[in-house]
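Below is one structure; the comments refer to it alone.
The values are calculated or read from the model by the stated rules, or taken from the named source; none is laboratory data. These numbers were taken from a predicted model, which means no experiment stands behind them. A quick note on method: Cβ atoms are made from the backbone with ideal geometry, for glycine too, and the neighbour counts reach across all protein chains shown. Surface accessibility is based on the protein's heavy atoms, side chains included, excluding ligands, DNA and RNA. Shrake-Rupley method; radii C 1.70, N 1.55, O 1.52, S 1.80 Å.
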Amino acid sequence: MIDIKNLEDLRRQAFVTAIYRKIEKDNIVGVSTDKYESLLRGYGFLPFPIIGTDSYIFEYFKEVNLCDPLESTLTYLKTDKCPLLFASKFFIVDDYCKKFNDKLKKATNKDVVETCDLKAYLDINYKDKFDKYIYESTFLKIKKINSLFDSLEQKDIKGSLLFKLKFYLSFVENLDQRISFLEEILPNYKDLKEKRKLIRATCPFAVSDLIESKLKADFPYKIEKSNKPLYTYKNCIYQGIEHITYKELENG
């Protein structure tokens, strides 16, 4: 059962899934990209996002010149306090943040695979595990999920909630459950009468509600991860107009 008012619980529930999967199949993969889920599932892996979303963890580790998402992620990794990181067999990173990739590689003995090398990495190490049927069926389901999000984007759902749905539903293992949930909520919203305005931010996974509170928008908007942000963090590699912090979440 997915509770739209407590989407953060989906990440916490994935902690349990990750530990059981590590024990039973050792097939969890930590990702910092929202692509390649079909490919990874075709090889028998279950991908979960690894970006840290909490500030309370900062008290356990401190390294200077890190943005909040990177500091949260690395602290979880170095203290073994995040089951998603702990259970991951290897990590996959895209080219969005070289600083994140470099820090992650230095902080772990696990393979850190860049997306440009992913297909070759899987073919070399796990070629015999590829299941074409699982890949193709997963591809169709992911396509359906993306289509439902496209439809939801044309509705009057709040921009912050739309972003949270895209992020937190990625922690739901069962793709059919994602589809049925989106189909269930879609009729609850009315058609938009104007196009959404893009609100760009760096790694907004934990802070979409905070962005909404700062934005005070009377227009439809869509939060988008970007290298040309309006909202960014101190020590981020991308310069923005306004800084946001994880600490503000504790006060909100």
Computed accessible area, S151, all protein chains, 1.4 angstrom probe, square angstrom: 50 Å²
Within the set I237, I92, I51, GNM on the chain using Cα springs under 10 Å gives the largest fluctuation to I237
Counting DSSP beta bridges in the chain, what percent are antiparallel, to the nearest 5? 5 percent
Pseudo-spin-label distance Y20 to K99, built 7 Å along Cα→Cβ, given in nm, is 3.9 nm
Quick one: compute the contact order of the stretch 50-143, relative version, from alpha carbon pairs under 8 angstrom and 6+ residues apart, as a percent. 20 percent
Size of electric dipole in the chain: Cβ of Lys, Arg +1 and of Asp, Glu -1, about Cα centre, debye, nearest 20: 360 debye
Of all accessible surface on the chain at a 1.4 Å probe, what whole percent is carbon and sulfur? 49 percent
Is any helix in the chain, taking whole DSSP H runs, at least 30 angstrom long along its axis by alpha carbon and on average at least -0.5 on the Kyte-Doolittle scale, and which ones? 132-153
Going through K132/K190; K143/K234; K105/K216; K105/K144; K155/K234; K105/K234 one by one, the pairs whose alpha carbons sit over 30 Å apart turn out to be K132/K190; K143/K234; K105/K216; K105/K144; K155/K234
Only helical DSSP H runs with n ≥ 4 go in: add -39500 (n - 2.57) per run for the chain, normalise by residue count and round the 222 nm mean residue ellipticity to 500 deg cm²/dmol. -13500 deg cm²/dmol
